[in-house]
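I have placed the structure first, in the form of structure tokens, so that the comments after it can refer back to it.
The values are calculated or read from the model by the stated rules, or taken from the named source; none is laboratory data. Please read these numbers as outputs of a predicted model, since none were measured by experiment. As a convention, Cβ positions derive from the backbone with ideal geometry for all residues, glycine included, and neighbour counts pool all protein chains shown.
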Amino acid sequence: MAAKTRRGLLIILSSPSGAGKSTLSRMLLEADDSLRFSVSATTRPVRPGEIEGEDYYFKSPDEFEAMVANGEMLEHATVFGHMYGSPRGPVEDAVSVGRDILFDVDWQGGQQIRSSIMQKDVVSIFILPPSLKELERRLNARNQDSAEVVAARMAQSRSEISHWEAYDYVLINDDLNVCFERLKTVLKAAHLRRDARPELMEHVNKLNAEFEDMS
């Protein structure tokens, strides 16, 4: 469907670490050139090579707190002493022209977005692992973390999984390609939701006018 005929979606994709969220996000971005990751704002210092508006929107603590106070953040949190959040303005601009925005956030961030002024544009998806044994195997296979960090991620996964019922859709990633196809099906269906298709009102008005002409 052409972008101009529908509103964009706020796609919230969450999962415990190792369940496949990052891989599925990358696959979605590769499959759809119009899909974009939400660019976060942060108060942490700029790192070498980072570009304003592409990697982050860099804000002073006062600027960030003012945005929160003015309702300009869809979600926000403090991590290791620095504030991070999703500015509302760029997301609203994208959604208004039919562009989907992908959010890689945890349960708390997703809950804030689902409770925001843009909640009607949200489709939230949680990715479950097929088993805890497989989740641990995937974490170890990445060779990115120590045994202690893997154990901490496994412990955290219980809390994350406990929030699965808060999501619109829940997929089990027992086969990556199958899960990806199901994820695309979810998004295709979400694009056809009544409130995502502003052209429907015009079409119904046209039908009503035809009824009037027939009477």
Exercise. Of (1) crowded, with 19+ Cβ neighbours inside 10 Å; (2) of a type outside the set (A, V, I, L, M, F, W, C); (3) part of a loop (DSSP other than H, G, I, E, B), Gly109 satisfies all except one. Which?
Worked result: (3)
For this session: Within segment 25-67, work out how many residues are touching a helix residue (DSSP H, G or I) at 6+ places or on another chain (Cβ under 6 Å) and either of a type in the set (A, V, I, L, M) or at positive phi (or both).
Result: 2
For this session: State yes or no: is Ser162 of a type in the set (Ser, Thr, Tyr), at pLDDT below 95 and either touching a Cys at 6+ places or on another chain (Cβ under 9 Å) or loosely packed, with under 15 Cβ neighbours inside 10 Å (or both)?
Result: no
For this session: Kindly list the number of the only condition in (1) more than 16 Å from the chain's Cα centre (by Cα); (2) without any contact (Cβ under 8 Å) to a residue 12 or more places away in the chain; (3) exposed (fewer than 13 other Cβ atoms within 10 Å of the Cβ) that fails for Lys188.
Result: (1)
Exercise. What residue, among those in segment 1-50 that are touching a residue at least 60 places away in the same chain (Cβ under 8 Å), hydrophobic (A, V, I, L, M, F, W, C) and surrounded by fewer than 16 Cβ atoms within 10 Å (Cβ to Cβ), is nearest to Ala152 (Cα to Cα)?
Worked result: Phe37
For this session: May I ask you to verify whether Val79 is closer than 17 Å to Thr42 by Cβ and modelled with pLDDT under 95?
Result: yes
Exercise. Which residues, counting only those in segment 112-154, are part of a loop (DSSP other than H, G, I, E, B), surrounded by 13 or more Cβ atoms within 10 Å (Cβ to Cβ) and of a type in the set (A, V, I, L, M)?
Worked result: Met118
Problem set entry | Selected residue (only one of Ser131, Ser124 is at negative phi, touching an Asp or Glu at 6+ places or on another chain (Cβ under 7 Å) and at pLDDT 95 or above) | Ser124
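Run down Ser34, Ser86 and say which single residue is in a loop (DSSP other than H, G, I, E, B), more than 30 Å from Glu136 (Cα to Cα) and among the hydroxyl-bearing types (Ser, Thr, Tyr). It would help to see each step written out before you state the result.
Working: Ser86 fails: in a loop (DSSP other than H, G, I, E, B).
Criteria check complete, one pass: Ser34.
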